[in-house]
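In what follows, a single structure is set out as structure tokens and then discussed.
Just so you know, all these numbers are worked out from the coordinates, no wet-lab data involved. These numbers were taken from a predicted model, which means no experiment stands behind them. Heads up, the Cβs are rebuilt from the backbone with ideal geometry, glycines too, and the neighbour counts pull from every protein chain shown.
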Amino acid sequence: MESTAGHDARGQGERREVNAAPGKLRLAREADIPALETLIPLSVRGLQSVHYSAAQMDAAIGPIFGVDRQLIRDGTYFVVEAEGRIIGCGGWSKRKKLFGGDAHRTAGEDELLDPQRDAARIRAFFVHPDFARRGIGREILKACETALVAAGYRQAELSATLAGEPLYAAFGFQVVERYEFTMAAGLGLPVVLMKKGF
């Protein structure tokens, strides 16, 4: 599922400050994986608890909310660094997989998409709770949109968490479907399938 980036719903005057995201944006590297493995649970537990129970979050961390090394290898995953650490991450994909970390893979998900026919995937956005609502998710999403359009895609889709939905809606993504992903022990995770054309 995508985005524990959070969303800022304050007034227009304050929003200008929020868009001045802290830190430096760059492509993720394999060496970043340990930092990402630390960041993701912090982000999930710090920003998703309004929408999901502790049991839901625990079941989702790893298989759903986790590092996908394929995104890093493809050069489509970004991180934001500040104060000597990674404070945000997110990316896009040219492969069929819509969500999930390395622990959640099924047959055919790593097949390449066709830019003329398929929507690129927006994937795995997480922001450190101490830096939430400061424009980090927006900065990464802008970079993703620029890159996927440059790669020839004319649409993008994602499976958003309830916390991430407002960010994507602000960027023009439209709700296609609301559904529940079934996890271990019969737990469900309510999410939102969203799409956007360019």
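I'm trying to understand the selection: among the residues of region 69-108, which are buried (at least 17 other Cβ atoms within 10 Å of the Cβ) and part of a loop (DSSP other than H, G, I, E, B)?
THR76, LYS94, LYS97, LEU98, PHE99, GLY100, GLY101, HIS104
Across region 56-85, which residue is farthest from GLY164 (Cα to Cα) among those that are β-branched (Val, Ile, Thr) and in contact with a strand residue (DSSP E or B) (Cβ under 6 Å, 6 or more places away or on another chain)?
THR76
Condition first: hydroxyl-bearing (Ser, Thr, Tyr), outside any helix (DSSP H, G or I) and out of contact with any Leu (no Cβ under 6 Å at 6 or more places or on another chain). Now tell me which residues in region 141-176 satisfy that.
TYR153, THR161 - these are the residues of region 141-176 that are hydroxyl-bearing (Ser, Thr, Tyr), outside any helix (DSSP H, G or I) and out of contact with any Leu (no Cβ under 6 Å at 6 or more places or on another chain).
Show the residue pairs meeting these rules: Cβ distance below 7 Å; 6+ apart or different chains; first residue within region 133-146 and in contact (Cβ under 8 Å) with a residue 12 or more places away in the chain and farther than 16 Å from ARG121 by Cβ; second residue among the β-branched types (Val, Ile, Thr) and surrounded by fewer than 21 Cβ atoms within 10 Å (Cβ to Cβ).
These pairs meet every condition: ARG133/VAL18; ARG134/VAL18; GLY135/VAL18.
Test each condition in (1) among the aliphatic types (A, V, I, L, M); (2) surrounded by fewer than 18 Cβ atoms within 10 Å (Cβ to Cβ); (3) under 15 Å from the mean Cα position of the chain (by Cα) for ALA124 and report the one that comes out false.
(2)
Only one residue in GLY46, GLY88 is over 28 Å from ARG154 (Cβ atoms), touching a residue at least 12 places away in the same chain (Cβ under 8 Å) and in contact with a Ser or Thr (Cβ under 9 Å, 6 or more places away or on another chain). Which one?
GLY46
Mind checking whether some residue in region 47-55 is touching a strand residue (DSSP E or B) at 6+ places or on another chain (Cβ under 8 Å), closer than 18 Å to PRO129 by Cα and among the small types (Gly, Ala, Ser)? Lay out the reasoning, then the answer.
If we filter region 47-55 for residues that are touching a strand residue (DSSP E or B) at 6+ places or on another chain (Cβ under 8 Å), which is where we start, we get 47-48, 51-52.
With the extra rule that they be closer than 18 Å to PRO129 by Cα, the set shrinks to 47-48, 51-52.
Next cut, among the small types (Gly, Ala, Ser) only: none.
No, because not a single residue in region 47-55 is touching a strand residue (DSSP E or B) at 6+ places or on another chain (Cβ under 8 Å), closer than 18 Å to PRO129 by Cα and among the small types (Gly, Ala, Ser).
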